[in-house]
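Asks: Handing you a structure now.
None of the figures in this text is laboratory data; all of them are computed from the coordinates on show. All of these numbers come straight from a predicted model, not from anything done at the bench. As a convention, Cβ positions derive from the backbone with ideal geometry for all residues, glycine included, and neighbour counts pool all protein chains shown.
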Amino acid sequence: MTAYVYILFNKRHGTLYVGVTTDLLKRVYEHKIKFNKGFTQKYNVDKLGYYEMFDDVGMAIVREKELKAGNRKNKIDLIESINPQWIDLYYHL
């Protein structure tokens with residue numbers, strides 16, 4: 001089963017959120033419509049800035065924990081490595 005680790009943002013260099021899912025389109029859509037109350041709803045974090053694909057859900061969870069434990073600069077560097085304009089990649093999947 002394919003799994004994804006993703007980073008959402010609310011504006012360029014704004015608030016960031018790291019998550020993991022097996023259905024990236026559905027999960028980002030849920031963030032966009034504020035389906036779940038919580039951090040992303042409170043801070044309007046709903047733009048997909050970066051994602052990685054994994055063949056193993058366990059490995060995706062390990063990577064998610066690694067990113068969450070990492071510093072903000074590393075997350076920004078990841079986004080800018082594939083998305084220097086900070087566009088919402090959700091509309092390009």
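Asks: Each label point is 7 Å from the Cα along the Cα-to-Cβ direction; what then is the distance between the points at N36 and I87, in nm?
Replies: Between N36 and I87, the label points sit 2.8 nm apart.
Asks: To continue, here is another question. So what is the relative contact order of region 25-91, in percent, for Cα pairs below 8 Å that sit 6 or more residues apart? Walk me through the numbers on the way to the answer.
Replies: Numbers: 41 pairs, mean separation 25.5, N = 67.
Relative contact order for region 25-91 comes out at 38 percent.
Asks: Let me ask you something else. Give the lysines whose C-alpha is closer than 17 Å to that of K73, dropping any in the same chain fewer than 8 places away, or say none.
Replies: Excluding near neighbours in sequence, the set is K11, K65.
Asks: Could you work out [θ]222 nm for the chain from helices alone, using -39500 (n - 2.57) per DSSP H run of at least four and dividing by all its residues? Round to the nearest 500 deg cm²/dmol.
Replies: Working: 4 runs with 37 residues, N = 93.
Mean residue ellipticity, 222 nm, calculated: -11500 deg cm²/dmol.
Asks: Follow-up. Just want the ordering: R12, R27, from fewest to most Cβ atoms lying within 10 Å of their own Cβ.
Replies: Details: R12 13, R27 19.
Ascending Cβ contact count within 10 Å gives the list R12, R27.
Asks: Could you size up the charge dipole of the chain around its Cα centre, putting +1 on the beta carbon of Lys and Arg and -1 on that of Asp and Glu, and report it in debye to the nearest 20?
Replies: On the way: 15 positive and 11 negative charges, 114 e Å.
Taking the Cα centre of the chain as origin, the dipole is about 540 debye.
Asks: Hey, of [x] 12.2, 32; [y] 29.5, 93; [z] 21.3, 74, which did the structure itself give for Rg and Dmax of the Cα atoms in Å when calculated?
Replies: Here Rg and Dmax of the Cα atoms in Å agrees with entry [x].
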